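Structure, as structure tokens:
No lab work stands behind these numbers, since they all come straight from the coordinates. Only a predicted model underlies this, so the values are computations on that prediction, with no experimental measurement involved. Cβ sites come from the backbone with ideal geometry, for glycine too, and all protein chains shown count toward neighbours.
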Amino acid sequence: MEIHGIGILLKHELKVALKSQKMPIVNIVGAGLAGSEAALQLAAAGIHVRLHEMRPGRPTAAHESGNCAELVCSNSLGSKLPDRAGGVLQAELRSLGCKLLPFAEQCAVPAGGALAVDRKQFAEAVTAAIVAEPLIELVREEVVAVPSDGYTIISSGPLTSDLLATDIQKLSGNDNLAFFDAIAPVVVAESIDTEIVFAAARYDNGDADYLNIPLDKEQYYAFVDELLNAEKHSLKDFEANDPKAKQFFERCLPVEVIAARGRDSLRFGPMRPVGLDDPRTGRWAYAVIQLRKENLQGSLYNLVGFQTNLTYGEQERVLRTLPGMQNSEFARLGSMHRNTFLNAPQMLDSTMKFRSRDDLFFAGQITGMEGYLGNIGSGLIAGLNAARSIGGQPLLSPPRETLLGSLCHHISESPSSSFQPMKAEFGLLPPLIPPVKKKERKQAYANRSDAKMQEFRHNMGPTNTTSPV
């Protein structure tokens, strides 16, 4: 039997059990990507969910609304290509009946080979689905402590409130770790000078969905100097007292931090010019900044990889020194905020279950599973295993040969003394046996992942969920 999410296997039996008062309510704390996915999966299975979200009554430093599944850093869920890590993970999630990917596809904006979404539309669509689901009760209140009993999924995210974070720390007996995450600016499209800024896809691969700001050598080094000399935001009190206040997540570094590592660092990082012919010269520029559509209408663009902690005034001044950006207007400026995650290898197993408590699960970025797709996948696994636990059956973790399984393995088996968040990368996977040539390796990883996921789905079997709790 083909599996399209846990709902097909569980829904009928779970609804029967729920009506006979044998099924508990699952509390989910945090309605981000992971919490929303877990809630929709459990509801599809017939389990009553109480989904707690403190926004908008208690805002965060990064969110702009009270919507569920709001994206705050980038609007891209990664590559759609079948031989890229993002594309492989998307395929894995679809095979397990992911609930959020269809909303992303409905709200997609042109982004070449990437799945990028209109953030507002995506969050509104997910919120509407959650509100319309009779088995999900959306509770707008702050949860300040982990419930002492009863099935619970903590998916409070990297901006977990101080009170809840303190309680999690007491529960675990270990310090939470913290790093700092940054957000890129968003510019109004009509304020960009398209006589200079040109549309193109790298190596003409696909549609020209990105705008490109070309810089010659003199312009590039002048821009680097501006970044290095610009005024930065001072840390807030709670951040300044954090012993890890200068620990950045390597995959989301502020551009000024990259620039400080070497004057050519940006040119070989987010400003690499390869494969982008400037139509005015017919050649590659010395460096290029790319802009990606922020919404479906194409009225807003975000600066790809340009997370920053410059003060707002300095952001506007420095970015307007770029070619074609002299009259730019900004719909949102960049910011940096504390991003808290667990020392997961000491606390969680690969099923997302808290090691010392059978009815408690964690999901999302707070686990150290990075990237939007990883967050969604962790919510799916937490929801699946909460349902299996309710039915008294063994919990499951995807095979190590899949990207989702490798992420679950990373957060549960990495050395706890040096644990850092990780997003889906082929480097997490076990080696191919026998070895495969480099140019064929990515596709071989994808093929193996697909085969292992098909086997996993077949072996899952129906879940018995009618046992008394």
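A few comments on the model shown:
- Degrees separating the helix 6-19 axis from the principal Cα axis of the chain, which is the longest one: 50
- Residues whose amide H falls under 5 Å from that of residue 210, counting only those 5 or more places apart or on a different chain, are 200, with hydrogens built in the peptide plane.
- Loop sites in the stretch 59-146: GluC sites (Glu not before Pro), DSSP, at most 14 other Cβ within 10 Å: 141
- Under 5 Å, built H, 5+ apart or other chain: amide partners of residue 138: 51
- Kirkwood Rh, angstrom, the stretch 183-338 [1 / mean 1/r, Cα pairs]: 16.1
- Dipole of the stretch 139-213 [Lys/Arg +1, Asp/Glu -1 at C-beta], most positive-end residue of 145, 161, 192: 145
- Cross-link table 217/438; 99/120; 99/423; 80/353, entries beyond 27 Å C-alpha to C-alpha: 217/438; 80/353
- Degrees separating the helix 33-44 axis from the principal Cα axis of the chain, which is the longest one: 30
- Computed from the C-alpha gyration tensor, the three semi-axes of the ellipsoid equivalent to the chain are 39, 25, 21 Å, from longest to shortest.
- Distance in nm between pseudo-label sites at residue 326 and residue 196 (7 Å out along the Cβ direction from Cα): 0.6
- Residue order for 333, 89, 300, fewest other beta carbons within 10 angstrom first, comes to 333, 300, 89.
- Under 5 Å from the amide H of residue 114 lie the amide H atoms of 80, each residue being 5 or more positions distant or on a separate chain, with H modelled from the backbone and absent for Pro and chain starts.
- Dividing the helix sum by the residues of the chain, where each DSSP H run of 4 or more adds -39500 (n - 2.57), gives a mean residue ellipticity at 222 nm of -10000 deg cm²/dmol.
- Note on the chain: antiparallel DSSP beta bridges, both residues inside, total approximately 65 percent of the bridges counted.
- Å³ per residue enclosed by the Cα convex hull of the stretch 118-195: 150
- Listed values for the stretch 85-94 are Karplus-derived 3J(HN,Hα) couplings in whole Hz (6.51 cos²θ - 1.76 cosθ + 1.60, θ = phi - 60°), namely 4, x, x, 5, 5, 4, 5, 4, 5, 4, and x replaces Gly and Pro.
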